[in-house]
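Report on the following structure.
The values are calculated or read from the model by the stated rules, or taken from the named source; none is laboratory data. Computed from a prediction, not measured in an experiment: that's the story for all the values here. Cβ atoms come from the backbone with ideal geometry, glycine included; neighbour counts cover every protein chain shown. Accessible surface areas use protein heavy atoms only, side chains included; no ligands, DNA or RNA. Shrake-Rupley method; radii C 1.70, N 1.55, O 1.52, S 1.80 Å.
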Amino acid sequence: MERLKIKEILVSKEREKDVVAKGWVRTKRGSKNVNFIAMNDGSTIHNLQVVANVENFDEELLKNITTGASLAVTGKLADSQGSGQAVELIAGKIELLGKADPEKFPMQPKRHTLEFLRENAHLRFRTNTFGAIFRVRHAMAFAIHKYFNDKGFYYMHTPIITASDAEGAGQMFRVSTLDPKTPPLTEEGNIDFSKDFFGRATNLTVSGQLEGELGATALGEIYTFGPTFRAENSNTTRHLSEFWMIEPEMAFYDLTDNMDLAEDFLKSLIRYALDNCMDDLQFLANRLVQEEKNKPQDQRSMELIEKLRFVVENDFVRCTYTEAIEILKNSKYYKTNKFEFPVEWGIDLQSEHERYLVEKHFKRPVILVDYPKDIKAFYMKLNDDNKTVRAMDVLFPQIGEIIGGSQREEDYEKLLGRMQEMNIPADEMWWYLDTRRFGTVPHSGFGLGFERFVQFVTGMGNIRDVIPFPRAPKNAEF
Ligand code: 4AD
Ligand code: MG
């Protein structure tokens, strides 16, 4: 007999033939005569109501149908008498696949805190909230591949183990097979990485961009979508030590083309979510309203679906870093000392500044360009003022920076100069510099933090709740 997913069953018109549903019990309620079992199989946020007439089943079996138990139920579909659903399954046969001792199973049918669920990340998939989040996460990953494929970009797999520090920030996890107790030493007493597995010091990558540029300057337009790693000690709601990044890289694109692509890309993904994930988004929107009930009115965020539509329907603001500093300095927030961090030309913006610009000043997503060269990576194209680079950060409400990118320096001499100024070992990066020596072209790209984006779409406040198993400082359980 054919097993149907609950998503299919809920819209099925079949009333004659037996169907089989399999899944996990969310709740059971009922009377002396009849039990109502809400069952979920992950195919949708909605549960299937299974109706079991008590007299037809073994008492022991019914007793073991508790929250978390797994079942295979065979029976006929019927128009539902209850209000919550159109169809229900009248159980003919129930097979108990796995019990879940109610004394021990942590996921009880009540509201658990997100903190509790993080400690039980192995089981949190079984909740409505995390089911919805991970279905949306999947849909967004699919939409990303579809977007680029439709545009003729190639998916390029860049290495996870590398010897270079693409961002030059030195926040890398070392990859080594040397014995940490007795590593080989050089004459100067340093660790001798020439004896290490790769014959040199290697790390987990912080970005696939540098290799992406090698692909783009031949294939034209590529994108990467893979895990990246940063050993920064940031315990915030927007940082992970292991996160997924999407990095398109395009030959013959200048900064304006890059911004146009980033804006169209983000809008198109959100449109895909609105068109394909409405049940889950609606659930997450209601969840957010509940969560924010106790917050003062002015600290509540915009209703989730309204916010998503708003981003799709409005142009992003484009503004220079220098203008942004002026806006911040002239703000009431600044004048009444409401910012925790200083505002000064040359200093990197903090998320409080980014969010002020987006949420209070412009009231829509913002693309900031032309940042001071000293706070950005070595590969960004220098502007004629010699002070700023053709960088762009896309800033979103609640999140702050969601995309970082730039036009790349395509001039060999200028790039080499920047590397020397910033102590980037140019000799080790000969392969990168070769793109500028042979047939160099203007090119651009950006990186979208996948989890920050999923946070935005799902309205989740903490980045650790949008990746199945978060990696953060002092946190690598599961
Ligand atoms: O701004 P970032 O550091 O840019 C790069 O890595 C460039 N190589 C991208 C490129 O031009 N190809 O990182 C890009 C994005 C950020 O805007 C942010 O969304 C996300 O990656 N990100 C993080 N997300 C979660 N946890 C962290 N620790 C993150 N660091 C950056
Ligand atoms: Mg950045």
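General observations
- For K104, the conditions (1) of a type outside the set (S, T, Y); (2) within 27 Å of L274 (Cα to Cα); (3) surrounded by fewer than 15 Cβ atoms within 10 Å (Cβ to Cβ) all hold with the exception of (2).
- Looking at G226, G215, G199, just one residue is on the phi > 0 side of the Ramachandran plot and either part of a loop (DSSP other than H, G, I, E, B) or open to solvent by less than 20 Å² (accessible area, probe 1.4 Å) (or both), and that residue is G199.
- In region 236-255, the residue that is nearest to ligand 1 (Cβ to nearest atom) out of those that are farther than 23 Å from E410 by Cβ and assigned to a strand (DSSP E or B) is F243.
- Condition check for H138: under 21 Å from the mean Cα position of the chain (by Cα), touching a residue at least 12 places away in the same chain (Cβ under 8 Å), outside any strand (DSSP E or B) and loosely packed, with under 15 Cβ neighbours inside 10 Å: no
- Matching option when the condition is closer than 30 Å to K360 by Cβ and either at pLDDT 95 or above or away from ligand 1 (no atom under 14 Å from the Cβ) (or both), among F438, F453: F453
- The listed residues are F446, F469, F396, and the only one of them that is under 20 Å from the mean Cα position of the chain (by Cα), at pLDDT 95 or above, buried (at least 23 other Cβ atoms within 10 Å of the Cβ) and within 15 Å of W244 (Cβ to Cβ) turns out to be F446.
- Residue pairs whose Cβ atoms lie under 9 Å apart, sitting 6 or more positions apart in sequence or on different chains, and linking a residue in region 178-204 that is farther than 23 Å from F229 by Cβ to a partner that is of a type in the set (D, E), are P184/D192; P184/D196; L185/D192; T186/D192.
- Condition check for L368: open to solvent by less than 60 Å² (accessible area, probe 1.4 Å), of a type in the set (A, V, I, L, M) and under 30 Å from S43 (Cα atoms): no
- For A132: the one exception among (1) more than 20 Å from the chain's Cα centre (by Cα); (2) farther than 28 Å from Y379 by Cα: (1)
- Evaluation of A476 against the conditions (1) in contact with a Ser or Thr (Cβ under 7 Å, 6 or more places away or on another chain); (2) more than 13 Å from ligand 1 (Cβ to nearest atom); (3) aliphatic (A, V, I, L, M) shows that the sole unmet condition is (1).
- If you check E410, E340, E401 for being within 14 Å of ligand 1 (Cβ to nearest atom) and either in a helix (DSSP H, G or I) or among the charged types (D, E, K, R) (or both), only one passes: E401.
- Number of positions in region 324-337 that are more than 14 Å from L368 (Cα to Cα) and part of a helix (DSSP H, G or I): 5
- Residue in region 50-57 that is surrounded by 15 or more Cβ atoms within 10 Å (Cβ to Cβ), at pLDDT 95 or above and under 28 Å from V136 (Cβ atoms) present: yes
- So E306, is it under 22 Å from M140 (Cβ atoms), away from ligand 1 (no atom under 14 Å from the Cβ), open to solvent by 20 Å² or more (accessible area, probe 1.4 Å) and more than 18 Å from the chain's Cα centre (by Cα): yes
- If you go through region 389-398 and keep only what is in a strand (DSSP E or B) and more than 12 Å from ligand 2 (Cβ to nearest atom), you end up with V389, R390, F396.
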